[in-house]
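To keep things clear, I will list the structure first and then write my remarks on it.
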Protein chains: 2
Amino acid sequence: MKKTTIHDIARELNVTFSTVARALNDHPAISVATKAAVLETAKRLNYQQNKLASSLRSGRTNVIGIIVPSLDTSFFSSVVHGIEKVMNENGYSVLLYQTGESLTREQKGIETFLQSRVDGVLSSVSSETDGHEMYAQLRKRQVPLLFFDRAIQELPVPSVTINDYQGGFSATEHLIGQGFRRIAHITSDQNLTIFNERLRGYREALLKHGLPFQEDLVFRGRVSLELGKTSVQQLLAQGHSFDAVFAAEDYTAMGALQQLLENGIRVPKEVGVVGFANEAFGAFVTPSLSTVDQQTVKMGEETARLFLKLFGSKDYYGTNPEHIVLDPILIPRNSSQPVS
Amino acid sequence: MKKTTIHDIARELNVTFSTVARALNDHPAISVATKAAVLETAKRLNYQQNKLASSLRSGRTNVIGIIVPSLDTSFFSSVVHGIEKVMNENGYSVLLYQTGESLTREQKGIETFLQSRVDGVLSSVSSETDGHEMYAQLRKRQVPLLFFDRAIQELPVPSVTINDYQGGFSATEHLIGQGFRRIAHITSDQNLTIFNERLRGYREALLKHGLPFQEDLVFRGRVSLELGKTSVQQLLAQGHSFDAVFAAEDYTAMGALQQLLENGIRVPKEVGVVGFANEAFGAFVTPSLSTVDQQTVKMGEETARLFLKLFGSKDYYGTNPEHIVLDPILIPRNSSQPVS
């Protein structure tokens, strides 16, 4: 029996040789429907490829996958823009996957990226991520991986983060410098290094200035506008004496600010408020919200550059993993400055 | 010469049969590095596959690609959450690609999705998209495609949009109902149906209420905080008599509002302001910003459901393309209600 050739398939389907060849090589210019038809015909005619399908080649796809909790916040969308800028300039496409802070979806996202044959994965882990097993597996299998903002410290994987301790310290010291003494802190109840570090910065700033760290002035929950409101309600209901609020996230700070104003408490004259993340709305509200900027675009650019540098080297995981730590920048606005 | 088998490759690499088989089938659980090693060995030993690589099968990947201008805005990020919700419930993964309103990047995004073998593309076209050639090609090649929010009307492609004409009409009629008579309009200078329709709604509402449509009260540019500011500066510098501003987008409305306040003009007592899109910050600012809500989550859910319905049918493009049009909802807040 004569061996089936690409010409036979082309004749059978009344398409060109080139269409069949490209379909067999999974060329993106050929539609899924055409590929299906070519495949079906190839099978029926018992066609055997001489070379392995090019989709099995180990070649690069020039596509990078980014895992983020959510792009709702200015923070992540701005970091991602920074990554995209550098990646696009270097001829890479960037695909995004939102986990919604869910471990199951995070796992699904990584599988999807591997299935999509990305060259590497840039990830900011979800707050549900605990076992780290999934990332350890990626690392073990030599898939190029880089953490940004939220890293798993225990894994030997390169990362770009900000100094959250310093951010929490600066925000608290700024409030102290403005004359506030009894500073409440609202933070996440989830075990994320970024929030633990901001809390540590808050505590150390208090201690440095001879102020007590009071556990009953620390409120925890899922950071949100709602958490800010309920925390202030609790502060007031429990009769706590406090004159400032440092929230570890801007929406939470905004909720605190709104609740204070609703209770007729003047901000910043009676109570000072500082948030964290420099969300877009902070400059628009009244009083404008003091916050900590995380150099988002720079973080994105550094993330992309570090990845490209390592990816361009012979061995991605060859040396000790590089960790870039950026300094946050305090943005004092009206909500924390009674006299300005 | 004995024919090379998978066992030969496995022995050569000291890995399991299953690893080689899965590597040859491009299984996502196998690392890129292992696949490369398997491929290299397969080539060297002159291994010939009996069946076509499964990556060439026409089977579904259960991955959907979404093209959006940018996820910076509450609008798109909220629509995308709606899409993800329904898609995830139905076992699909969702990959995102931001075009930054650039035609080149949009093209790149579509190529990347095809290369990643998505089952379909959901797209909100960038403002630079003009020729529509690229989408016409997708349609022609039977790639499942669906437009949301920003559609190319001329193409026979299903879509989910909102009634932008109605949104522009309601916003303008609301201002007229509040006693405003000389209403300026700030809109995009880019040829996007959504903005053209909002402008048409503005014009028709004026005419319905016996008010003149004045071209010199219409300002055009790239919608942004900056455009809102400069438009109000021009209105004031040119000595135009106006008592309200309807901006076709919330950041633009916010810029107008800020500029009015900076010039000591009271909002809404002297000038009323209405935006469009119901961005998150609108409820936080002072005065709170009246706007038009686009039912974003619902739009996302309808988009996903329509796609799944068509994708589940035998022929995606079989019947006349379905177009779902959602009604926008006016959200009157303080910026447009002098007496409330």
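Sequentially through the stretch A:254-263, phi angles give Karplus couplings (6.51, -1.76, 1.60; θ = phi - 60°) of 4, x, 4, 4, 4, 5, 4, 4, 4, 8 Hz, Gly and Pro residues having no value and appearing as x.
Each of B:Tyr165, B:Tyr202, B:Tyr317 has its accessible area taken with a 1.4 Å probe; listed largest first, they run B:Tyr165, B:Tyr317, B:Tyr202. The residues of the stretch A:6-49 present an accessible area of 49 Å² per residue when probed at 1.4 Å with all protein chains retained. Annotation for B:Phe213 and B:Gln234: the two label points, set 7 Å from Cα along the Cα-Cβ direction, are 1.8 nm apart. Candidates A:Tyr251, A:Ile83, A:Ala184 compared by Cα position along the dipole of chain A: farthest toward the positive end lies A:Ile83, with charges placed on Cβ. Take A:Arg266, move 7 Å from Cα toward the beta carbon, and the resulting point lies 2.2 nm from the same point in each other copy, nearest first. The local environment of B:Ile324, defined by Cβ-Cβ distances under 13 Å, has a net charge of -2 under the rule Lys, Arg +1 and Asp, Glu -1. Where the convex hull is taken over the Cα atoms of the stretch B:164-294, what is its projected area averaged over directions, in nm²? That works out to 6.9 nm². Here chain B exposes an accessible surface that is 49 percent carbon and sulfur, computed with a 1.4 Å probe and the other protein chains kept in place. Of all DSSP-defined beta bridges confined to the protein assembly as shown, some 10% are antiparallel rather than parallel. The same position A:Gly221 in the other copies lies at 4.0 nm from this copy, comparing label points 7 Å beyond Cα toward the beta-carbon, shortest first. Among residues other than B:Gly282 with Cβ under 10 Å from its Cβ, the summed charge is -2 (Lys and Arg +1, Asp and Glu -1). A simple count of charges around A:Asp243, restricted to other residues whose Cβ falls under 14 Å of its Cβ and scoring Lys, Arg +1 and Asp, Glu -1, yields +3. About its Cα centre, the dipole of chain A is roughly 1440 debye, where the only charges are +1 on Lys and Arg Cβ and -1 on Asp and Glu Cβ. From the alpha carbon centroid of the stretch B:191-259 to that of the stretch A:214-245 is 42 Å. Of all beta bridges that DSSP places with both ends in chain A, some 10 percent have antiparallel geometry.
Here is the list for the stretch A:121-180: GluC sites (Glu not before Pro) lying in DSSP coil, each with at most 15 other C-beta atoms within 10 angstrom of its C-beta, are A:Glu154. Per residue, the stretch B:164-294 exposes 37 Å² of solvent-accessible protein surface, assessed with a 1.4 angstrom probe and all protein chains in place.
Heavy-atom accessible area for B:Val325, with the other protein chains in place and a 1.4 Å probe, reaches approximately 90 Å². For the residues B:Arg333, A:Arg222, B:Arg220, a 1.4 Å probe over the protein chains yields an accessible-area ranking, largest first, of A:Arg222, B:Arg220, B:Arg333. Shielding of peptide B:88-100 by partners, expressed as the average count of other chain Cβ atoms within 10 Å per residue Cβ, is 5.
List the accessible area buried at the contact between B and A, summed over both sides and calculated with a 1.4 Å probe, in Å² to the nearest 100. Summing both chains' loss of accessible area gives about 5100 Å². Taking the C-alpha atoms only, the angle from helix B:32-44 to the longest principal axis of chain B is near 40 degrees. What you get for the stretch B:56-158, charging only the Cβ of Lys and Arg (+1) and of Asp and Glu (-1), is a dipole of about 500 debye around the Cα centre. Placing unit charges on the Cβ atoms of the charged side chains and taking the dipole of the protein assembly as shown about its Cα centre, the candidate lying farthest along the positive direction among A:His132, B:Thr4, B:Leu289 is B:Thr4. Using a 7 Å projection from Cα along Cα-to-Cβ, the label point at A:Gly91 is separated from the same position in the remaining copies by 3.9 nm, smallest value first.
Here the protein assembly as shown is assigned +1 on the Cβ of each Lys and Arg and -1 on the Cβ of each Asp and Glu. Its dipole about the Cα centre then comes out at about 2640 debye. Across all Cα atoms of the protein assembly as shown, the radius of gyration (one decimal) and Dmax (whole number) stand at 28.2, 93 Å. Binning the C-alpha pair distances of chain B at 10 Å intervals from 0 yields a P(r) profile of 5, 22, 24, 18, 13, 7, 5, 3, 1, 0 %, listed from the shortest bin outward.
Of the residues A:Gly264, B:Val32, A:Phe219, the one whose Cα sits farthest toward the positive end of the charge dipole of the protein assembly as shown, with +1 on the Cβ of Lys and Arg and -1 on the Cβ of Asp and Glu, is B:Val32.
The values are calculated or read from the model by the stated rules, or taken from the named source; none is laboratory data. Note that this is a predicted model, so its numbers are computed, not measured. Don't worry about glycine lacking a Cβ; one is built from the backbone with ideal geometry, like all the others, and counts go over all protein chains shown. Remember, those area values only see protein heavy atoms, side chains included, never the ligands or the DNA or RNA. Shrake-Rupley method; radii C 1.70, N 1.55, O 1.52, S 1.80 Å.
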